[in-house]
Structure formats: structure tokens, C-alpha cells
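Just below is one structure, and these are the notes that go with it.
The values are calculated or read from the model by the stated rules, or taken from the named source; none is laboratory data. Nothing here was measured: the structure is a model prediction, and the numbers come from that model. Cβ sites come from the backbone with ideal geometry, for glycine too, and all protein chains shown count toward neighbours. We work out accessible area using only protein heavy atoms, side chains counted, and drop any ligands, DNA or RNA first. Shrake-Rupley method; radii C 1.70, N 1.55, O 1.52, S 1.80 Å.
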Amino acid sequence: MDNTNYIALSRQMALWKQMDTIANNMANVNTAGFKQDDTLFTSYLVKTPEARGIGRVPLFFTEDFGTMQNFAEGAIVDTGNALDAAINGDAFFAVETKAGEMYTRKGQFALDADGKIVTNDGAVLLSENNEPLFIAPGEREISISENGDVMTENGVIGRLKLVHFADNQKLLKVAGVMFQNVAGNKAEAATNVRVIQGSVEKSNVNAIEEMTRLINVQRSYEYVQQMIDEEHDRLSNTISTFAELA
């Protein structure tokens, strides 16, 4: 295989990764708290003996070197569910999972059999004291204040643990709406944020924009494939011609 095909295949592999990312974004357009992913690409040079001399250039290959997460706030919509909550501002709910403490913007909660407030996947919502929030049997009037206090008709049972990070881009997405912090990324109690009860934050994915991006990426992929096919035909014709002349 010659350099042309290697370069084209590197571009195709990057485009394929981008299509996967866009498809995942579109699949989660209705997932509360989902944050859009964007693939990052770069070009790198490879020097070859043919690149020496006047008018010669090194080979340019395409490499996808990471994914950037878009943490722009999604639209906040009313649900009327007392255990739903949205955060207005740069912060995350802290939850305890089997893999340790995680963070999410998806504020759709429920009560488990023990009365703990949990996510739909069973992760336990944490208070600022790193303890579960329990709703006692018989308590019906659940309210969440803007500062995160969780109350019932019997008084305050705790305050939500709302976490702010020094750099959101360092958070690792371990599931669709769950994030894990890494060493060195400072986490602290969030300030200047507001909790909105009875609402959830929608996905920040714009379906129309993502569909447009997907169409453009698919077209680029097809153009590269067409170039590979034409190059293959050129090489085959060249080999056939030399064979006839031999």
C-alpha cells in the first residue's frame, strides 16, 4: 500500500470516530443531564526520503487525539416531580456508586426501599456530610430549597452536596451522565448556584446541528473512499500496463 492510501485511511479512521461521537450525541438528545461530546483532531508530519529537496513536502496524517466535552447548560424544564431537581450554575450533584463517588447533572431522583434518595440507576444522592438523605416512612411533603436544603413536614433532613471543579474538561465520563474526578482537579463546594425543584436539565445536544454535522462527516467519508477507490484503480491500471509491456 502506498502513502496516498495510508493518508486516506488515517482520515477515514478519524471520520469514523467522529461519526460514532455524533451518533452517540443524537442518541442522547432526550437524556436529561447529558453533555455533548466533540472529537478533536490534529495533523502530524512524517518525514520520508521522498520529502527531501525543493518542492517536496512531508506526509500529513490525521489523528484523533481526544474528546472534548461541552458542559454548556441545557434547557431547564418543569416536571412537577418533587424529587426532580436541576442546577442553575456550574456544579454537579454528588452520588455514591459501587465504583465510588461520581458526579452528575441529571437530577431525576426517587426513593429506594429504605427511604434513601437515589438516581434511576440506584446511586445514592449524597448530602454535604457525605451521607445519604433519608425520607422517613409517612413523610410526604418533600421540598428542596434553592440552596440545596432537603426538607419534609418534619424539618430539614440535610443539604445536597453540590460540587464545583477547577476544570470540568478533566472529568472522566464513565457513563452517559456520570462523571468521575481525577487526581489534581480541585473540587470544592459550589457557590453562586441555584437548585430548582420539580425541574430537570435537558440534554445540551442540538439535534438539528448534530444532524447537519453527521451529513457533512458522511459526505467527507464518502469522498475519501472515492479517492481510495480511484487510487486503487490507478495503481491496478499502471501494473497492468507495465505487465503488457514486459
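So G33 clears everything in (1) modelled with pLDDT of 95 or more; (2) out of contact with any Ser or Thr (no Cβ under 7 Å at 6 or more places or on another chain); (3) on the phi > 0 side of the Ramachandran plot except one condition, right? Which one?
Among (1) modelled with pLDDT of 95 or more; (2) out of contact with any Ser or Thr (no Cβ under 7 Å at 6 or more places or on another chain); (3) on the phi > 0 side of the Ramachandran plot, the lone unmet condition for G33 is (2).
Looking only at residues in segment 80-100 that are over 18 Å from the mean Cα position of the chain (by Cα) and acidic (D, E), which one is surrounded by the most Cβ atoms within 10 Å (Cβ to Cβ)?
D84
Looking only at segment 167-178, decide whether some residue is over 18 Å from the mean Cα position of the chain (by Cα) and surrounded by fewer than 17 Cβ atoms within 10 Å (Cβ to Cβ). Show your work before the answer.
The first filter runs over segment 167-178 and keeps only residues over 18 Å from the mean Cα position of the chain (by Cα), leaving none.
Looking for residues that are over 18 Å from the mean Cα position of the chain (by Cα) and surrounded by fewer than 17 Cβ atoms within 10 Å (Cβ to Cβ), one finds none in segment 167-178, hence no.
Among the residues of segment 136-151, what is the count of those that are modelled with pLDDT of 95 or more and surrounded by 14 or more Cβ atoms within 10 Å (Cβ to Cβ)?
Count: 7.
Can you tell me how many residues in segment 80-129 are in contact with a strand residue (DSSP E or B) (Cβ under 7 Å, 6 or more places away or on another chain), assigned to a loop (DSSP other than H, G, I, E, B) and closer than 13 Å to Q180 by Cα?
1
Any idea which residue in segment 1-30 is modelled with the lowest pLDDT, counting only those that are part of a loop (DSSP other than H, G, I, E, B) and farther than 22 Å from N206 by Cβ?
As a first pass, look at segment 1-30 and keep what is part of a loop (DSSP other than H, G, I, E, B): 1-2, 28-30.
Going one step further and asking which of them are farther than 22 Å from N206 by Cβ, we end up with 1-2.
Values: M1: 45, D2: 57.
Ranking the qualifying residues of segment 1-30, first place goes to M1.
With the checklist (1) open to solvent by 40 Å² or more (accessible area, probe 1.4 Å); (2) touching a strand residue (DSSP E or B) at 6+ places or on another chain (Cβ under 9 Å); (3) in a loop (DSSP other than H, G, I, E, B); (4) under 24 Å from L171 (Cα atoms) in hand, flag the one item M68 doesn't pass.
It fails just one condition, (3).
Here are some residues: N81, N88, N130, N70. Which one is at positive phi and either polar (S, T, N, Q) or at pLDDT 95 or above (or both)? Before you say what the answer is, go through the steps one by one.
On the way: N81 fails: at positive phi; N88 fails: at positive phi; N70 fails: at positive phi.
Exactly one residue qualifies, and that residue is N130.
Given the criterion under 29 Å from G184 (Cβ atoms) and among the β-branched types (V, I, T), identify the matching residue among V118, V124, V150, V156. Show your work before the answer.
Working: V118 fails: under 29 Å from G184 (Cβ atoms); V150 fails: under 29 Å from G184 (Cβ atoms); V156 fails: under 29 Å from G184 (Cβ atoms).
Being under 29 Å from G184 (Cβ atoms) and among the β-branched types (V, I, T) holds for just one of V118, V124, V150, V156, which is V124.
Is there a residue in segment 222-245 that is of a type in the set (A, V, I, L, M, F, W, C) and at pLDDT 90 or above? Explain how you work it out, then say what you get.
Let us first name the residues in segment 222-245 that are of a type in the set (A, V, I, L, M, F, W, C), namely 224, 227-228, 235, 239, 242-243, 245.
Remaining after also requiring at pLDDT 90 or above: none.
So far as segment 222-245 goes, no, none of its residues is of a type in the set (A, V, I, L, M, F, W, C) and at pLDDT 90 or above.
Return the residues of segment 186-221 that are more than 18 Å from the chain's Cα centre (by Cα), of a type outside the set (V, I, T), closer than 22 Å to F165 by Cβ and assigned to a loop (DSSP other than H, G, I, E, B); say none if nothing qualifies.
Scanning segment 186-221 gives K186, A190, N192.
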